[in-house]
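These notes are about the structure you will find just below.
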Amino acid sequence: MIRGQNPAWVGRGNMSSPAKNYDVAIIGAGIIGAACAREFACAGLRIAVVEAGLGGATSAGMGHIVVMDDSEPQFALTRYSQQLWRELAPELPPDVEYMPCGTIWIAADDQEMQEVRRKQQYYGARAVPTQILDPHALYEAEPHLRPGLVGALLVPEDLVIYAPCAARFLLRQAQARSCDLYLDKVIEVRDDGLVLQNSGSLHAGAVINAAGTWAPQLTPGLEMRPRKGQHGITDRYPGFVRHQLVELGYLKSAHTLTAESFAFNVQPRLTGQLLIGSSRQFGVENTAVDNHIIAGMLARACQYLPELSRMSAIRAWTGFRAATADKLPVIGKCPGRERLYLATGHEGLGITTSLATARLLLDQILGRASAIPVEPYLPHRVMETAHA
Ligand SMILES: Cc1cc2nc3c(=O)[nH]c(=O)nc-3n(C[C@H](O)[C@H](O)[C@H](O)COP(=O)(O)OP(=O)(O)OC[C@H]3O[C@@H](n4cnc5c(N)ncnc54)[C@H](O)[C@@H]3O)c2cc1C
């Protein structure tokens, strides 16, 4: 239980069935549900997490914990959450593969170099350390890049984790305190809890829908679109790349709302493997790897790292990001529902922003002030009725 600031529903509910009576029931054990479970359990709440095993985005993503500056709210959330990851770092087990490698945003021409300078100014004004790399410094940092690049921006506090193990760690931390995990499917969200396919009902003071791209199935009217992404991974080539390398053209790819786009984005893994991305597709629902996308992505990667063409790629896979129209996640109370909260719509930044999402949601539930303004992420803007 929370001491001091208990909301009215904490500790209430169906006391005739105490074993299935919780303060908060969370739908989904991806990184968002797991982060919420840990945050809420650390605050003393009794938590149930229900996970259907559908194979979500957390197992498909890159795990790049990156500060982004598409908008002020996006910057605020990514930076806040990155700081929470850095605070948590000493507690993370080795399988989370925490790697403080930094990001290098690569400029291929003078126009992209202008973007390097703009980004540096933006981050500098908000106390994010950065360093402009001239060609000499760039090739010293990453000797395998192709010749002819004009410079780059190093963001040293960006980092990399292995998201599936991070989610498992967060969930286990919650379970060690006050969280029960149900491997089952939620088939109905009620005012007083959840109905599960095989395990009956759970009673809860509040429900959090953290079901990723499936969230609209349980909360009709929530406007989000699945955005397919694909990755490939190589065999082990330790030390070949030292930072997360991203072309500045990536920003165009990430921000475009057209059907298909891809860009050079390569991540070193602690295993010595290279994780190669990244693509974005709207309007595609099948989970199959699209050969033309993977081929285009690999060709792009080889343009930046020519020696890649002689390396072995051992696996490719796909995943779906939960995309909102304004590219911000949905964090807060569902309009018209007293006890239903939403934590979804994180698109390509949910690993980064998971810890801050959980903290902001707990703040709202406890009526506490938050470290950053919560208004930009509130759900009313993505509910169908908002446009009626
Ligand atoms: C290709 C790709 C690359 C990415 N790269 C990055 C990156 O580098 N950095 C970054 O920060 N983010 C990245 N992301 C985004 C990030 O992976 C997601 O934003 C994040 O994983 C979303 O987590 P989630 O918990 O909301 O959703 P999910 O991981 O999808 O979890 C939702 C869970 O809900 C469960 N569920 C659904 N319906 C039900 C139900 N009815 N009952 C019970 N359980 C249910 C599902 O089984 C699933 O496990 C990437 C995503 C993709 C696809």
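The values are calculated or read from the model by the stated rules, or taken from the named source; none is laboratory data. Being a predicted model, the structure only gives us computed values, none of them experimental. Note: ideal-geometry Cβ built from the backbone for every residue, glycine included; neighbour counts use all protein chains shown. The protein model used for the area step is the full one, side chains on, heavy atoms only, and it has no ligands, DNA or RNA in it. Shrake-Rupley method; radii C 1.70, N 1.55, O 1.52, S 1.80 Å.
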The chain: calculated mean residue ellipticity at 222 nm from DSSP helix runs of at least 4, using -39500 (n - 2.57): -8500 deg cm²/dmol
Rounded to 5, the percent of DSSP beta bridges in the chain classed as antiparallel: 70 percent
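What is the sum of charges, Lys and Arg at +1 and Asp and Glu at -1, for the other residues whose Cβ falls under 10 Å from the Cβ of residue 273? Spell out each step's value before the answer.
Values: positive: 236, 269, 315; negative: 235.
Once positives and negatives cancel, what remains is +2.
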Magnitude of the charge dipole, the chain, Cβ model with Lys/Arg +1 and Asp/Glu -1, debye to 20: 680 debye
Formal net charge of residues neighbouring residue 235 (Cβ-Cβ distance under 14 Å; K, R +1; D, E -1): +3
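Which pairs break 30 Å Cα to Cα here: 20/327; 185/333; 119/333?
On the way: 20/327 36 Å; 185/333 22 Å; 119/333 33 Å.
Going by Cα-Cα distance, 20/327; 119/333 fall outside the 30 Å limit.
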Mean Cβ neighbour count within 10 Å, used as a protection proxy, ranking 206-212, 301-307 highest first: 206-212, 301-307
Charge-dipole axis of the chain as Lys and Arg at +1 and Asp and Glu at -1 on Cβ define it, positive-most pick from 21, 174, 122: 21
Net charge, residue 312 excluded, C-beta distance under 11 Å - Lys, Arg +1, Asp, Glu -1: +2
The chain: angle of helix 163-177 to the longest principal axis, Cα-based, in degrees nearest 10: 30 degrees
Helix 110-125 axis, angle to the chain major axis (alpha carbon atoms, nearest 10°): 40 degrees
In degrees, nearest ten, helix 350-366 long axis to first principal axis of the chain (Cα): 30 degrees
Within the accessible area of segment 277-351 (1.4 Å probe), percent carbon and sulfur: 51 percent
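Given that compact globular proteins tend to follow 2.2 N^0.38 Å, what is the ratio of the alpha-carbon Rg of the chain to that value?
Here the Cα radius of gyration is 1.00 times the empirical estimate.
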Given charges at Cβ of Lys, Arg, Asp, Glu: segment 29-163 dipole, positive-most of 43, 88, 131: 43
Cα gyration tensor shape for segment 172-224, rounded if a/c is under 1.5, else prolate or oblate: prolate
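At a temperature of 4 °C and a viscosity of 1.567 mPa s, determine how fast segment 201-318 diffuses translationally according to Stokes-Einstein, using the Kirkwood radius over alpha-carbon pairs as Rh; express D in µm²/s, rounded to the nearest whole number.
D = 80 µm²/s.
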Shape of segment 270-388, Cα gyration tensor, a/c cut at 1.5: prolate
Kirkwood hydrodynamic radius over Cα pairs of segment 289-349, then Stokes diffusion coefficient at 20 °C and 1.002 mPa s, in µm²/s: 143 µm²/s
Highest average packing first - 138-151, 104-117, 158-171, Cβ atoms within 10 Å: 158-171, 104-117, 138-151
Listed residues 346, 370, 383: farthest to the positive end of the dipole of segment 338-388 (Cβ charges): 370
Segment 171-237 - charge dipole about Cα centre, Lys and Arg +1 at Cβ, Asp and Glu -1, debye rounded to 20: 380 debye
Solvent-accessible area, 1.4 Å probe, carbon plus sulfur percent, for segment 123-267: 52 percent
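Where does each of 311, 383 land when they are ordered by accessible area, with a 1.4 Å probe and the largest first?
Per-residue accessible area, sorted high to low, gives 311, 383.
Mind checking the per residue accessible area of the chain for me, 1.4 Å probe, whole number of Å²?
Each residue of the chain exposes 41 Å² on average to a 1.4 Å probe.
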Cα-centred dipole magnitude for segment 211-348, charges only on beta-carbon of K, R (+1) and D, E (-1), debye, nearest 20: 240 debye
Segment 102-162: equivalent-ellipsoid semi-axes (sqrt of 5 x gyration tensor eigenvalues, Cα, Å): 19, 16, 9
Binned Cα-Cα distances of segment 138-256, short to long, each 10 Å bin given as a whole percent: 9, 24, 27, 19, 15, 6, 0
